Amino acid sequence: MLNHYPDVTSSVLTGLGWYYLILLFMNLLWTVRSYKVDGEFSNGVPKATVWAVASSIFMMMSAAHFSSARSAETFLIRMPVFFKDLVDANFANPVIYFVLSIALLWGMIRLREWWTKPTVAWSLLNISLVFMGLSLTDYDFRQIVGKPDNVPIVGMLFIVAFFTWIYFRRAVDNDNRVAEGRPLFEQENNEKVLVWPDLVYTELICMVVLTAFLIFWGIALKAPLEEPASSVKTPNPSKAPWYFLGLQEMLVYFDPWLAGVVLPSIILGGLMAVPYIDFNKKGNGYYTFKERSFAVSTFLFGFLPLWVALIVLGTFLRGPNWNFFGIYELWDVHKVEAANNVNLSEIFWSLPGLPGLPRGSSIGAILLRESPGIVLTLAYFAVLPPILGLTVLRKYFVRMGVLRFLVFSNLLLWMAILPVKMLLRWAFSLKYIVGIPEYFFNI
Amino acid sequence: MSVGDYIRNSQIWRSVFRHPAPTDRRNRVVVMLTNFFLHLHPVSVKQQGIALSYTWCMGGITFFLFLVETITGVLLMFYYRPTLEWAFYDIQALRDVQTLGIMREIHRWGAHAMVITVWLHMYRVFLTGSYKPPREFNWVIGVLLLVLTLLLSFTGYLLPWDQLAIWAITVGSNMARATPFLGMEGPGFQLLNTSGYELITNASDAKFLLLGGRFVGEATLNRFYILHCVAIPVVVSGLIAIHFWRVRKDGGISQPL
Ligand code: HEM
């Protein structure tokens, strides 16, 4: 019988053969490096042996894939079904996904001394590449990851991880230097050099490499062109361009006026305000974490879980009807997700002892109905900042002055509203905190 | 005299390049001062300021990608007519008929790459604290460049006029309808519609302004085409010039004090 959704085909196997071949060469280079710098285990065996073994495993993987390309159906090296089911059953949920991404960031900050070590980082890279390679033996995974417009996003993930690694490595190094009273990395070997040749040649080489890279990419991957535009055939799911998918994801929790207009404006306004809010004079012109841990953590939180991770979520994990799909799950148009979300007003007015939801469409009745949410929202944005300023953020309040502190604390609170709303949705199936659909005013 | 020396000593060569070959220290200084393209740079810089591991070269790469997009974009304009009748088929022909036609690929992948590199550039500038005084305002200009880069990409997304294009733009521009006060489905628009005079209707709200119509159609295509090929690139070029000028005036690439 012909399988319309084959997990493994001969072209997939050939592709993966090349994939593991590249892994082999990467690890061979690493073996050489390790041989030069890593030294030996206590019994005299060079540590590079581990990498030599890893390389030979990749070599066998590569050979196995190439040589089995003709008998794809019976090929054994694939992502185990139980693992796929496990992932789809336990992680196919936006809240868990989001919490995990925050946990990852937290771990990254706490364990920065550990994971920035080259050997650890290289092992992590290998693990994620093997995970990726095994996942590619899944039909549904390939469908999403292999869409031409999605390929750059996979690349972006690795690039962002790489540069985050560079940052933490340099920051840890500098923080240790400061602790030991040595000069910063950036202050060593910092002679003046002539721009010609030192910079001009770097730029030239960069341009040549990039041009070659773009040409290669252009030949290897065709730009997508779907059917001619038709205003009657709505695709399901309809997605915005990929860089806006984090914003589109917010539509799950907020109405368009917030997710699509107000929040983006606040993100941009907040970014522009950064240099005028951050009064810390340290950490200007060099990498450091300790000297500006709060600023950096906040920015990392905004960039990694709230921006990059949400884009990945919107691109790879949101399928038809904007339902959440596991990475190995078929995008089934008929998947139903129960959505029995209720408004805060409905919860509040049905508390024991209260008269039930006030009816009526006059402004007064509406305001009365929504008063719990309105009070909460006002408290969040107006009462919380002074309280924060007098307690946990006192240090900042004292140094910033009133106006600056109000802007700063409000920006922080705006940044927190997505996690807050997610939590409320998760805990109470909350739909709107303030729900005034009569005037399109829902929060 | 070698051929190279003969050429470099000819009147033509010397009329084009205002300086001798930069082989010794003096001429390496002179070349930076007298060449139009090179004079964007200072003559000498601190070694760590130009280290790849410090700047990641991301600003430079973003600029390079902008140039690539300009060049491939002009080439694409030769083949593309922004009308409902032709837009899709011109792109299709570009794929099916042109020999060695990878300009569209380079343009599209270059655009994706530019969005990513502009983020990474911002990431690096933040992580090195380079927005701190005296560079605050250059950061603000940077944020404007970031928005414009996204808008460039967004307006370009519509031009192939396929299903991917119009529905992505439809989803994106539906947001405009919800603009507070100015959108037909935004909170508070009724306030502008009082006393019988309808200021905000579906033929006059923010979405209509963006699309040039009530839905994504020919007027939208024209509007986005002009924004994409003329208006936004001109503004971006201007801002990039100011951005670079400020990098120099603010004391070059940031350094520990
Ligand atoms: C089209 C977009 C942009 C281009 C072409 C561009 C280009 C550049 C270049 C070539 C540099 C020199 C240093 C380097 O390469 O890192 C630079 C520096 C700088 N950029 Fe950008 N940039 C862009 C967007 C941004 C954005 C989005 C931001 C921040 C929000 C930003 C903020 C800065 C700042 C503050 C500096 C000075 C950094 C320092 O002195 O270390 N730029 N830019």
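The values are calculated or read from the model by the stated rules, or taken from the named source; none is laboratory data. Quick caveat, the model's predicted, so the values are computed rather than measured. In this analysis, Cβ positions are derived from the backbone assuming ideal geometry, glycine residues included, and neighbour counts consider all displayed protein chains. Heavy atoms of the whole protein, side chains included, go into the accessibility calculation; ligands, DNA and RNA do not. Shrake-Rupley method; radii C 1.70, N 1.55, O 1.52, S 1.80 Å.
What do you reckon, how do A:Lys290, A:Lys431, A:Lys281 stack up by accessible area (1.4 Å probe), largest on top?
From most accessible down to least: A:Lys281, A:Lys290, A:Lys431.
Take the Cβ-Cβ distance between A:Lys395 and A:Val178 as r, set R0 to 22 Å, and report the resulting FRET efficiency rounded to the nearest 0.05. Spell out each step's value before the answer.
Working: r = 21 Å, r/R0 = 0.93.
It comes out at approximately 0.60.
To put it simply, the accessible area of chain B at a 1.4 Å probe is 68 percent carbon and sulfur.
To the nearest Å, what is the center-to-center distance of the stretch A:257-311 and the stretch A:334-409, using C-alpha atoms only? Cα centres, the stretch A:257-311 to the stretch A:334-409: 24 Å.
Filter the cross-link list A:Lys117/A:Lys192; A:Lys117/A:Lys281; A:Lys36/A:Lys117 down to pairs whose alpha-carbon distance in this structure exceeds 24 Å. Numbers along the way, then the final one.
Numbers: A:Lys117/A:Lys192 30 Å; A:Lys117/A:Lys281 29 Å; A:Lys36/A:Lys117 16 Å.
Beyond 24 Å between Cα atoms: A:Lys117/A:Lys192; A:Lys117/A:Lys281.
Packing order of peptides A:41-50, B:119-128, A:202-211, A:186-195, highest average first: B:119-128, A:186-195, A:202-211, A:41-50 (average count of other Cβ atoms within 10 Å over each peptide's residues). Across chain A, Cα pairs under 8 Å and at least six residues apart give a relative contact order of 17 percent.
Under 21 Å of direct C-alpha separation, and excluding same-chain neighbours fewer than eight residues apart, A:Lys239 reaches these lysines: A:Lys147, A:Lys222, A:Lys335, B:Lys207. Note on B:Ile226 and A:Val99: their simple-model spin labels are 5.2 nm apart, each label 7 Å out from Cα toward Cβ. The lysines within cross-link reach of A:Lys431, meaning a Cα-to-Cα straight distance under 17 Å and a gap of 8 or more places when in the same chain, are A:Lys421.
Among rounded, prolate and oblate, which fits chain B when a ≥ b ≥ c are the square roots of the eigenvalues of its C-alpha gyration tensor, a/c under 1.5 means rounded, and a/b larger than b/c means prolate? Let's see the in-between values first.
Numbers: a/c = 2.86, a/b = 1.61, b/c = 1.78.
The shape class here is oblate.
Report, as a whole number in µm² per second, the diffusion coefficient that Stokes-Einstein gives for the protein assembly as shown at 37 °C and 0.692 mPa s using the Kirkwood radius over alpha carbon pairs. Approximately 114 µm²/s, per Stokes-Einstein.
Counting Cβ atoms of other protein chains within 10 Å of each Cβ in B:29-36 and taking the mean gives 2.
At a probe radius of 1.4 Å, figure out the B/A buried accessible area, summed over both chains, and give it in Å² to the nearest 100. The partial results should precede the final answer.
Numbers: alone 16800 and 27200 Å², together 35440 Å².
Buried surface at the B/A interface: approximately 8600 Å².
Could you state the angle between the C-alpha long axis of helix A:363-378 and the longest principal axis of the C-alpha atoms of chain A, as a value from 0 to 90 degrees rounded to the nearest 10? Computed tilt is about 40 degrees. Inter-chain neighbour count for B:174-183: the average number of beta-carbon atoms from partner chains within 10 Å of each residue's beta-carbon is 5.
In the protein assembly as shown, a dipole from Cβ-located charges (positive for Lys and Arg, negative for Asp and Glu) runs towards its positive end, and of A:Tyr35, B:Leu209, A:Leu268 it is A:Tyr35 whose Cα lies farthest in that direction.
Using a 1.4 Å probe over the heavy atoms of the protein chains, calculate the carbon and sulfur portion of the accessible area of the stretch A:210-357 as a whole percent. Kindly include the intermediate steps, with their values, before the conclusion.
Values: 4280 of 6310 Å².
Carbon-and-sulfur percentage of accessible area, whole number: 68.
Protein heavy-atom surface of the stretch A:1-78, 1.4 angstrom probe: 68% of the accessible area is carbon and sulfur, with nucleic acids and ligands not counted.
Tell me, what is the percent relative contact order of the stretch B:45-249, built from C-alpha pairs under 8 Å that lie six or more residues apart? Before the final figure, lay out each step's value.
On the way: 194 pairs, mean separation 40.6, N = 205.
For the stretch B:45-249, the relative contact order is 20 percent.
Buried by at least 30 Å² relative to the chain on its own: which residues of the stretch A:405-443 qualify, computing accessible area with a 1.4 Å probe on protein heavy atoms? Buried-area filter returns A:Tyr439, A:Phe440. Computed from label points 7 Å out along Cα-Cβ, the spacing between A:Phe66 and B:Leu191 is 7.0 nm.
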